[in-house]
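Undergrad: Below is the structure I would like to discuss, written out as C-alpha cells.
The values are calculated or read from the model by the stated rules, or taken from the named source; none is laboratory data. None of the values given here were measured: they were computed from a predicted structure. Cβ placement follows ideal geometry from the backbone for every residue including glycine, while neighbour counts extend to all protein chains displayed.
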Amino acid sequence: MGQVSEALIEPAQVPEGELVGLRLGEDAAAVEVLAQRRGQALSVWLNACPHAGRRLDYAPGRFLQHAGRLVCAAHGAQFELEGGRCVEGPGRGGGLQPLAVRAVAGGWQVAWSPI
Ligand code: FES
C-alpha cells in the first residue's frame with residue numbers, strides 16, 4: 001500500500017452548501033479536489049471526471065450546476081452531490097472519487113493516496 005497524505009480543511013474554507021475547489025497537500029502529493037459542506041458533514045472528491053479524466057470546473061474553483069447536480073465542464077456529465085454518482089451524460093453509471101474525511105477539532109482531516 002502506498003503512502004497516505006493528509007490535510008486539514010477548516011470550516012471557513014467551505015461555506016455551507018457551496019461547491020469549493022481546493023488544492024490539498026504539496027508538491028508531488030498535491031491533489032485538486034472539490035468539497036461541499038452540509039452542516040457538520042463534509043464531502044470531498046477528486047476534481048477529476050471519471051469520463052475522460054478532465055477537471056470538473058470551467059475555471060479554477062468554479063463549478064457548473066444544474067438541478068442540484070454538478071455538471072462536468074468538459075462534456076456535460078452530471079453528478080449527484082449526495083454520493084457523487086454520475087446520473088446523466090458520458091460516464092453515466094460511474095462516479096466521483098471520494099476522499100476519506102474525518103471530523104476533528106478545528107475542521108476535517110482529509111486523507112488520500114497520491115496518484
Ligand atoms: S471529462 Fe467530464 S464529461 Fe467528459
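Undergrad: Among the residues of the range 103-115, which ones are part of a strand (DSSP E or B) and over 15 Å from the mean Cα position of the chain (by Cα)? Give the steps one after another, and end with the answer.
TA: Here is the first cut: in the range 103-115, the residues part of a strand (DSSP E or B) are 103-104, 107-112.
If the condition is that a residue be part of a strand (DSSP E or B) and over 15 Å from the mean Cα position of the chain (by Cα), then Ala103, Val104, Gly107 are the ones that fit.
Undergrad: Quick one: which residue in Val14, Val44, Val33 is among the β-branched types (Val, Ile, Thr), within 16 Å of the ligand (Cβ to nearest atom), within 17 Å of Val110 (Cα to Cα) and surrounded by 12 or more Cβ atoms within 10 Å (Cβ to Cβ)? Break it down into steps so the answer makes sense when it comes.
TA: Values: Val14 fails: within 16 Å of the ligand (Cβ to nearest atom); Val44 fails: within 16 Å of the ligand (Cβ to nearest atom).
Being among the β-branched types (Val, Ile, Thr), within 16 Å of the ligand (Cβ to nearest atom), within 17 Å of Val110 (Cα to Cα) and surrounded by 12 or more Cβ atoms within 10 Å (Cβ to Cβ) holds for just one of Val14, Val44, Val33, which is Val33.
Undergrad: Separate question: Checking the structure you have, find out if any residue of the range 73-88 is out of contact with any Ser or Thr (no Cβ under 7 Å at 6 or more places or on another chain), among the aromatic types (Phe, Trp, Tyr), assigned to a loop (DSSP other than H, G, I, E, B) and surrounded by 15 or more Cβ atoms within 10 Å (Cβ to Cβ).
TA: No, the range 73-88 has no match at all.
Undergrad: Could I ask something else about it? Before we move on, is Gly91 surrounded by 18 or more Cβ atoms within 10 Å (Cβ to Cβ), at pLDDT below 95, part of a loop (DSSP other than H, G, I, E, B) and of a type outside the set (Ser, Thr, Tyr)?
TA: Spelling it out, Gly91 is indeed surrounded by 18 or more Cβ atoms within 10 Å (Cβ to Cβ), at pLDDT below 95, part of a loop (DSSP other than H, G, I, E, B) and of a type outside the set (Ser, Thr, Tyr).
Undergrad: Return a yes/no flag: does the range 54-62 have any residue that is loosely packed, with under 14 Cβ neighbours inside 10 Å, closer than 15 Å to Leu22 by Cα and within 12 Å of the ligand (Cβ to nearest atom).
TA: Yes, the range 54-62 contains a residue that is loosely packed, with under 14 Cβ neighbours inside 10 Å, closer than 15 Å to Leu22 by Cα and within 12 Å of the ligand (Cβ to nearest atom).
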